[in-house]
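Every read-out reported here was derived from the displayed coordinates using simple, explicitly stated rules and does not represent laboratory data. Predicted, not measured: the structure shown is a model, and the values here were computed from it. Ideal geometry is used to build each Cβ from the backbone, glycine not excepted, and the neighbour counts take in all protein chains shown.
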Amino acid sequence: MRRIRLAIRITVFVLLGLTAHYALPQHDVVRVVNTYQERQDLNDWTRIFWAKPDDQSATLINRDVQFIQTVKKRTMLLGFIPRDTTEVMVYRNEDTGWSWPFYFKFDTANLQTEADDLVSTSQNPQWAVVTHYGWRNEYFSAFPNAVGIRPVASPDVTIIPWFNIFFFIFLMAALLFIRAMWRQFRERSVDPLLDAAGDQMDEVQAGVAERKGRVSRWLGTWRDKNRNRPIE
């Protein structure tokens, strides 16, 4: 049973970690190569990796999606340490609207225009920071969704994810607060009930033992009478 509880806790922890890694904002230092629009089929389970459409297009199996092609600076330790090498990264540019994850993005056209203005070549590069969420997976045709872009002076810029830092601080504080409330509630309400239930169980067991003792003693008196009866 202990192993089952441990497995359940690990599974829940992994799922929550994956959800946070997918939904929380990430920052990439990139050089925009091109922007384009392409029609995407959304008729299978990979639809979960795309933004939720509006009510008018919710039943459509395909729609036009805008993309931003970039050359991205490689990083280590979740983006904190930049590297000299680069890799290709393609972002989709879709509104999130009022749905999850809650970025409340409605400026897809503006973002695409800003990305067009930052297009540059390797001979005369213009670096920018793309804020996005999601994952890139070639097998599932999944693309991270860009939610913001801004130019920077060089690719060696240091980016501090303040939102993620404050989010995890708030999350830890909330968990500690909930834990303290639960312990207080347990001490005031749950533990007394458990103690009362334990006392009642002890009384029931004591009563059962006493009745069994009475029956045993009564049976013992009959055994003594039969033992002392003379043999005819």
**Request:** Kindly list the residues of segment 131-148 that lie in the label zone of PHE167, defined by a backbone N under 12 Å from the point 7 Å along the Cα-to-C-beta vector.
**Result:** 132-134
**Asked** Taking 0.36 nm per residue of separation and subtracting the Cα-Cα distance, what length does fully extending ASP156 through ARG63 add?
**Response** 29.8 nm
**Inter-probe distance in nm under a simple model that places probes 7 Å from Cα toward Cβ, at SER99 and VAL33** = 2.9
**Message:** Report the per residue volume, in Å³, of the convex hull enclosing the C-alpha atoms of segment 84-199.
**Reply:** 203
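Highest mean first, how do 129-142, 98-111, 1-14 rank when packing is the count of other Cβ atoms within 10 Å averaged over residues? Kindly include the intermediate steps, with their values, before the conclusion.
Values: 129-142: 15.9, 98-111: 13.9, 1-14: 8.9.
The most tightly packed comes first, giving 129-142, 98-111, 1-14.
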